[in-house]
Amino acid sequence: MDSPFLLLVLPALVALLTASFRPLVRKHSKIAGLLITALFFGGAAILLTGISHEAEALFSIPWAPALGVDFALRLTPFSAWFGVLVLFLGGCVNLYACAYFNGDARLPPLLILLGLFASAMLGVIWSDNLYLLFLFWEATSLLSFLLVGFHNDQEVSRKNASQAFLITMAGGAALLVGFVLLHQDLGTASLSQILASDIDSIGTAAIVLIMLGAMTKSAQWPFHFWLPNAMVGPTPVSAYLHSATMVKAGVFLLGTLAPLFSQHPLWTPALATAGIMTVGTSVLRGARETDLKAVLACTTLAALGFLTILAGVGTPGAMLGFVIFLTAHALYKAPLFLAAGNLEKRFGTRDLTKLRGAARQLPVTGIVVVVSALSLIGLAPMPGFLSKEYLLKATWSYSPILAIAVALSAAGVLALGFRVIIPLLSKNDELSTSKLLPRGMSAATLIPALAALGLVAALPMSSHEFLGPAASALGADPAASYKFWYGFTPALGLGMGALALSLVVTRVMMRPTFPPLPEAFRPYFDRLFDHLIATLKRIADDVGKLLEKGQITSHLAVMLGFTGTLSFFALDLNEWDSLALTWDGPSLIFIGLLPLLVIASVVASRTDKTLSLLVSLGFVGLLIALIFLWFSAPDLALTQLMAETLILFLLVGALAQAKRSKQVEKSNPAPFRLIFSIFAGVLVTLLILKSMTLEWDRPVSDYFLKESKQSAFGANVVNVILVDFRALDTLGEIIVLAIAAMGANAALGAARKRAPLPDAEPSSLLATGARLVALFLIPTILWIFWRGHNAPGGGFIAALVAAGGFGLGLLSSWNRLTPPFMRKCSHWLLIAGLSIALFSALVPLAVGETFFVGLWLHLDSLHLGTPLLFDLGVFLTVLAFCLNYLRHFHLRSL
Amino acid sequence: MELLIAITIGILIAAGFYRLLGGTKVDAIIGLILLSQGANLVILASGGLKRNAAAILDGTPVAELADPLPQALVLTAIVIGFGILAFLLTLLIRPTK
């Protein structure tokens, strides 16, 4: 195979196609199901032919090499075999889902999620880079949250889905930290290189954290409780989650790392303990459940426990057992879950006590249940037998005590298997159904069971071609193969003993006096988790109430105070370079202006009267315009002047309106405000003084200054920056203005239809004078616009001046400036402005240049170019924006 | 001169905070106006302050000209600030039910 990338995205592509043809998929569910299944099976077949004895293959695309993150995939015989299982069972599950939700509106979303989920799972097992693996890992957590909570109209679905999500995400966080530590310890994030390195150079913390991550994902004790709860998802989801994906990601990681990590003294004891505890708790819980799916979920927990033990042991023999156990479990658990779905669909219940004899009614489902349950119980011709024998063999050769513990707990699991199969097969004449199942559901249930039979029927071949290479990729002996008969070994004896014991246990469990599941029965860790979450919520509430009292003022004070305190520490008063304070002569004027600014600011900050507020604010704005002018920024001074004028115009309208609906809110006490604001002012002053002692390098500005004349043909560098060098920023800015203009229409739209307030007669002097001013304004605006490239001026300023002219016209009540006219005006100007600006940006593309490169036409000393066009677009957009606001606010101010 | 501009900014910031903590919507808007005036001056000052050196190329050595980049930023900031203010004012006078 050339590259696994295509196979990796195949399920995601299926999801994309489903998303594009939702109605079609819903209408022809069966055809869609067949197509999707064919694609999945095709992918599995391609993958299957690629498995060989050859070692791993790497495929890498650089992503962020400096950080050690690459889109690197690693295909070993094991991960390829696992991929086959993912795609094969994915195909079955999709087929099942299409028949299960035939014509249902919920089908397309489910198929999309399942497709993405399969891709994410393939990503987990094929990633070579640790961080890539982590990304896919988190993707499976997120998607399983959506899948488990698929019936999101039910409270219990939402609750259990978020429980699974929180636990696996917390584990994911631990895993990430573990990966980072591993990366630091070994200096590589590539899995293949990590596996070839030395265990002594890996810190214990990394190993513990990675174990934690894998254990949460694979629902190992004490994080086991989320998995039985996660069965609230639809049946195909449960089948997929429990067989080949999600929970298998954790044991996959453990198995992959086992050959190296099992040399660490902590690895085997920790995982063996967790595994045994998981099996034990799952048996205890499963014995009391009567829900078929719940019992099956408990057997999944047990299987995961066994897999964890095998990965924990990590010897070559254990890895041999690991591969066959993983395969056998996937191939019997998926059909069992799907069969449970069949029974529920026909008999309307999952309660084992009500399903007595159900398997006899549905022939196909019945056969599947028998075959799969026999595999679960581990009887001879089934793959389950192999997995049980190799499990016992590996643990026995590692430690007989562990093997006995495994056999004892296995007896409980086998009993769970009997508990499922005996009621379903027993005679019961009351239960009957005449309806047949949809063919898709039967077929999807049957296929994996047949595959399991095929696997054992052709055992020498499958062992040699697929299972053997897969196991040897994990460190097992390449010459080893799977056989049913090894002669009389301790493992065989233990297996027989477990079977005999399980019959006894089954008798005890099936007795009517066996205590049933009490209503309030909730596992201990489940309750602990709920308690923990509730406590966290309460703490968050308390902290929130402490800081946020429901008033914006106190909230602001807390936020600003916090930021201020932080910056005060950042100030670092001990290190203070001497600031060269220059008192050159002309700053005397500045000294004269400063008291005025102080007075105006203080008035603006305290006054309640509209008039004094307007005057003081206008004064502050004017003085700042003067400061701009003083410090060599004429463009800023002009912009500031015009913006201040328009702000005053808007404020008059707004404050007059706000006065009428005076709302009283609780204010912070004045002394507090005073101290707070003085502190803030002093802090900012000190910060600026400190920043001024720094020597700035200005390579960017120097570049602009140097290139402005040569390549942009403009002497006014500020304007050239705006319309040429940084035109993309300006484009963003005028788009923001356009959005703000439309926002005003949305906020005030209803009010716009109201009639204007009674007309106040404007002064006749103003009416006459305004016309005269307007007459002069037109050439002035053109002149300001034109000269902008070489002298102070430009589109922004010209637009503000033009808007000022319109404001004047509105104040003197010109007949032409009716609200509909203004609306139309601003509407069309906005469209024209944005289109011209965009056009000027895109024109260079037509002649093979990059976006926004200026194209110039030179006529003697006259330079015409696209930046000029862009400036026109800016002019029109800003004018349209101003006109729109003038219109809204004028209605009110009259 | 640097000291004076720093004090000016400090005063504007203090006045802005005082108003901002007042509690009414009008207070918040006026406070923001004052704060943004102060912030514009901060950006301008960060490029270094020069007299009689507008960034207009007329033969003066480039190194003596004022830094045009902060000026371009402030010009944008003034217009955007105006836009935000205008939008805030619509929210102020928006008829509430």
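Beta carbons closer than 8 Å, at least 6 apart along the sequence or on distinct chains, pair a first residue in segment A:772-801 that is at positive phi with a second that is of a type in the set (G, A, S) for A:G794/A:G788. With respect to the conditions (1) more than 24 Å from A:T645 (Cβ to Cβ); (2) surrounded by 14 or more Cβ atoms within 10 Å (Cβ to Cβ); (3) within 8 Å of chain B (Cβ to nearest Cβ); (4) modelled with pLDDT under 85, A:S711 falls short on a single one, namely (3).
The residues of segment A:839-860 that are surrounded by 13 or more Cβ atoms within 10 Å (Cβ to Cβ) and in a loop (DSSP other than H, G, I, E, B), listed by number, are A:E849, A:F852, A:V853, A:G854, A:L855. Within segment A:837-863, which residues are of a type in the set (D, E, K, R) and more than 16 Å from A:L728 (Cβ to Cβ)? A:D860 - this is the single residue of segment A:837-863 that is of a type in the set (D, E, K, R) and more than 16 Å from A:L728 (Cβ to Cβ).
Going by the structure shown, is A:L494 touching a Leu at 6+ places or on another chain (Cβ under 6 Å), modelled with pLDDT of 80 or more and surrounded by 10 or more Cβ atoms within 10 Å (Cβ to Cβ)? It is true that A:L494 is touching a Leu at 6+ places or on another chain (Cβ under 6 Å), modelled with pLDDT of 80 or more and surrounded by 10 or more Cβ atoms within 10 Å (Cβ to Cβ). Of the residues contained in segment A:419-435, none is found to be touching a Phe, Trp or Tyr at 6+ places or on another chain (Cβ under 6 Å) and more than 23 Å from A:P335 (Cα to Cα).
Residue-by-condition table, conditions (1) surrounded by 24 or more Cβ atoms within 10 Å (Cβ to Cβ); (2) closer than 24 Å to A:F252 by Cβ:
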residue	(1), (2)
A:A334	yes, yes
A:Q361	no, no
A:V369	yes, no
A:A373	yes, no
A:L376	yes, yes
A:L391	yes, yes
A:V413	yes, yes
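When segment B:63-97 is examined, which residues are found to be at the interface with chain A (Cβ under 7 Å from one of its Cβ atoms), more than 20 Å from A:D724 (Cα to Cα) and outside any helix (DSSP H, G or I)? Residues satisfying the conditions are B:R94, B:P95.
Residues in segment A:164-212 that are aliphatic (A, V, I, L, M) and either part of a loop (DSSP other than H, G, I, E, B) or in contact with a Cys (Cβ under 6 Å, 6 or more places away or on another chain) (or both): 3 in all. When restricted to residues that are farther than 16 Å from A:D697 by Cα, over 11 Å from the mean Cα position of the chain (by Cα) and more than 7 Å from every other protein chain (Cβ to nearest Cβ), segment B:29-57 contains 2. Listed by position, the helices (runs of 4 or more DSSP H) contained in segment A:556-671 that have at least 1 residues being closer than 27 Å to A:G809 by Cα and either hydroxyl-bearing (S, T, Y) or at pLDDT below 75 (or both) are A:610-630, A:634-660.
Only one of the listed residues (A:V682, A:V700, A:V718) is crowded, with 20+ Cβ neighbours inside 10 Å, within 7 Å of another protein chain (Cβ to nearest Cβ) and either modelled with pLDDT of 90 or more or in a helix (DSSP H, G or I) (or both). That residue is A:V718.
For segment A:90-106, the count of residues that are assigned to a strand (DSSP E or B), crowded, with 22+ Cβ neighbours inside 10 Å and modelled with pLDDT of 90 or more is zero. Among the helices (runs of 4 or more DSSP H) confined to segment A:350-418, there are none with at least 3 residues that are among the charged types (D, E, K, R) and over 26 Å from A:A457 (Cα atoms).
Within segment A:58-81, the set of residues being in a loop (DSSP other than H, G, I, E, B) and surrounded by 19 or more Cβ atoms within 10 Å (Cβ to Cβ) comprises A:T76 only. Would you be able to say whether some residue in segment A:237-245 is surrounded by 24 or more Cβ atoms within 10 Å (Cβ to Cβ), under 19 Å from A:V406 (Cα atoms) and not charged (D, E, K, R)? Taking every residue of segment A:237-245 in turn, none turns out to be surrounded by 24 or more Cβ atoms within 10 Å (Cβ to Cβ), under 19 Å from A:V406 (Cα atoms) and not charged (D, E, K, R). The residues of segment A:175-194 that are in contact (Cβ under 8 Å) with a residue 40 or more places away in the chain and buried (at least 19 other Cβ atoms within 10 Å of the Cβ), listed by number, are A:L175, A:L176, A:F179, A:L182, A:H183, A:A189, A:S190, A:L191, A:I194. Taking the criterion of being closer than 30 Å to A:P478 by Cβ, surrounded by fewer than 14 Cβ atoms within 10 Å (Cβ to Cβ) and among the hydrophobic types (A, V, I, L, M, F, W, C), the residues of segment A:11-57 that qualify are A:A45, A:A55. The single residue among A:L122, A:L143 that is crowded, with 21+ Cβ neighbours inside 10 Å, part of a helix (DSSP H, G or I) and in contact (Cβ under 8 Å) with a residue 60 or more places away in the chain turns out to be A:L122. Residues that are surrounded by 23 or more Cβ atoms within 10 Å (Cβ to Cβ), in contact with a Lys or Arg (Cβ under 7 Å, 6 or more places away or on another chain) and within 7 Å of chain A (Cβ to nearest Cβ) do occur in segment B:12-28, at least one of them.
Residues that are closer than 14 Å to A:T327 by Cβ and assigned to a loop (DSSP other than H, G, I, E, B) within segment A:462-480 comprise A:L474, A:A476, listed in sequence order.
The residue list A:L85, A:L113, A:L58 contains one member that is closer than 30 Å to A:S192 by Cβ and either touching a Phe, Trp or Tyr at 6+ places or on another chain (Cβ under 9 Å) or at pLDDT below 90 (or both), which is A:L58. For segment A:811-838, a residue qualifies if it is without any contact (Cβ under 8 Å) to a residue 12 or more places away in the chain, charged (D, E, K, R) and part of a helix (DSSP H, G or I), and exactly one does: A:K824.
Would you check which residues across segment A:793-838 are aromatic (F, W, Y) and surrounded by 19 or more Cβ atoms within 10 Å (Cβ to Cβ) and list them? Selection gives A:F796, A:F806. For the residues A:S399, A:S387, the requirement of being touching a residue at least 60 places away in the same chain (Cβ under 8 Å) and either more than 22 Å from A:L446 (Cβ to Cβ) or buried (at least 24 other Cβ atoms within 10 Å of the Cβ) (or both) singles out A:S387.
The values are calculated or read from the model by the stated rules, or taken from the named source; none is laboratory data. Everything quoted here is computed from the prediction, not taken from an experiment. Note: ideal-geometry Cβ built from the backbone for every residue, glycine included; neighbour counts use all protein chains shown.
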